[in-house]
Amino acid sequence: MLVANYGGGSCAVLPISSDGRLGEATAAIQHKGKSVNRERQEGPHAHSINLDAANRFAFVADLGLDEVLVYRFDSAKGTLLPNDPPAAKVAPGAGPRHFALHPSGKYAYVINEMASTVTGFTYDADRGTLQELQSITTLPAGFSGNTSTAEVVVHPSGKFLYGSNRGHDSLAIFKIDEATGKLTAAGHQPTGGKTPRNFAIDPSGKWLLAENQGSGTIVVLRIDPETGNLSETGHLLKVGSPVCIRMVKPAT
């Protein structure tokens, strides 16, 4: 199990035994440094950790450093070693939060909590390196309210990307140019509640489940397979302050 520790700004690997118990960490790395925002970036804040499809590289979005740190992961030993180069930078003060790989394995995207932007990268799967493509806002033109981003998800088709805006209370919709990986803004869908934090797309790619932490609801939205647009279904579930949702394959 790979974990990111926000408060202390570190990441770790914990072995899972046959009975499901967690053992002592086989790797523990303390990030160091800071960035330009004195209130939010006084030190490292590792916000998420993701593995690539081959389980060779781990990516840690660190809000405090304005970096996506890249580690070589040994799944047999449970170790993490800094890659070369060890990180990809985003704009100062952006605050990278969550990370998503494109299903083609050619591109990657990080959503920046503080700047309300998505930064796209080309990804070299052999070397584990990220090269910035662009940075694009998650907000509509003219919006000036208090807001921040949370989750970023690529549609299983690889054609669309979605990001959540907490404050604007919407999902930003982007089309992905599959030849270049670049994003084009394609609109916004209100989530019907307050503070949409996490969300997930079901494996079929037909439905998106958005969690409104502030209003205590999970809302089901329909995904248009041609345009990526979202529409209401009328399905809503009351849940106290939902912050994370995951799809689980049923047992066979």
Quiz item: Is it the case that Ala61 is under 15 Å from the mean Cα position of the chain (by Cα), open to solvent by less than 30 Å² (accessible area, probe 1.4 Å) and closer than 24 Å to Ile176 by Cα?
Solution: yes
Self-check item: From Gly205, Gly228, Gly214, residue being open to solvent by 20 Å² or more (accessible area, probe 1.4 Å) and assigned to a loop (DSSP other than H, G, I, E, B)
Solution: Gly214
Practice problem: Taking only the stretch 1-43 into account, find how many residues are part of a loop (DSSP other than H, G, I, E, B) and either open to solvent by 90 Å² or more (accessible area, probe 1.4 Å) or of a type outside the set (Val, Ile, Thr) (or both). | Solution: 28
Practice problem: Scan (1) open to solvent by less than 40 Å² (accessible area, probe 1.4 Å); (2) free of Cβ contacts under 8 Å to residues at least 60 places away in the same chain; (3) of a type in the set (Asp, Glu) for the single condition Asp52 breaks and write down its number. | Solution: (2)
Quiz item: Among the residues of the stretch 101-112, how many are of a type outside the set (Ser, Thr, Tyr) and buried (at least 22 other Cβ atoms within 10 Å of the Cβ)?
Solution: 4
Practice problem: Kindly establish whether Phe143 is out of contact with any helix residue (DSSP H, G or I) (no Cβ under 9 Å at 6 or more places or on another chain), closer than 18 Å to Asn83 by Cβ and of a type in the set (A, V, I, L, M, F, W, C). | Solution: no
Quiz item: When the stretch 64-81 is examined, which residues are found to be buried (at least 19 other Cβ atoms within 10 Å of the Cβ) and not hydroxyl-bearing (Ser, Thr, Tyr)?
Solution: Gly64, Leu65, Asp66, Glu67, Val68, Leu69, Val70, Phe73, Leu80
Exercise. Output the strands (runs of 3 or more DSSP E) that fall wholly within the stretch 70-166 and possess 2 or more residues being in contact with a Lys or Arg (Cβ under 8 Å, 6 or more places away or on another chain) and more than 30 Å from Glu24 (Cβ to Cβ), or say none.
Key: 107-112, 117-124, 129-137, 148-154, 160-166
Exercise. Would you confirm whether any residue within the stretch 116-131 is in contact with a Gly (Cβ under 8 Å, 6 or more places away or on another chain) and either surrounded by fewer than 21 Cβ atoms within 10 Å (Cβ to Cβ) or acidic (Asp, Glu) (or both)?
Key: yes
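The values are calculated or read from the model by the stated rules, or taken from the named source; none is laboratory data. As the structure is a prediction and not an experimental result, all values here were calculated from the model. As a convention, Cβ positions derive from the backbone with ideal geometry for all residues, glycine included, and neighbour counts pool all protein chains shown. Calculation scope for accessible area: heavy atoms of the full protein, side chains included, ligands and nucleic acids excluded. Shrake-Rupley method; radii C 1.70, N 1.55, O 1.52, S 1.80 Å.
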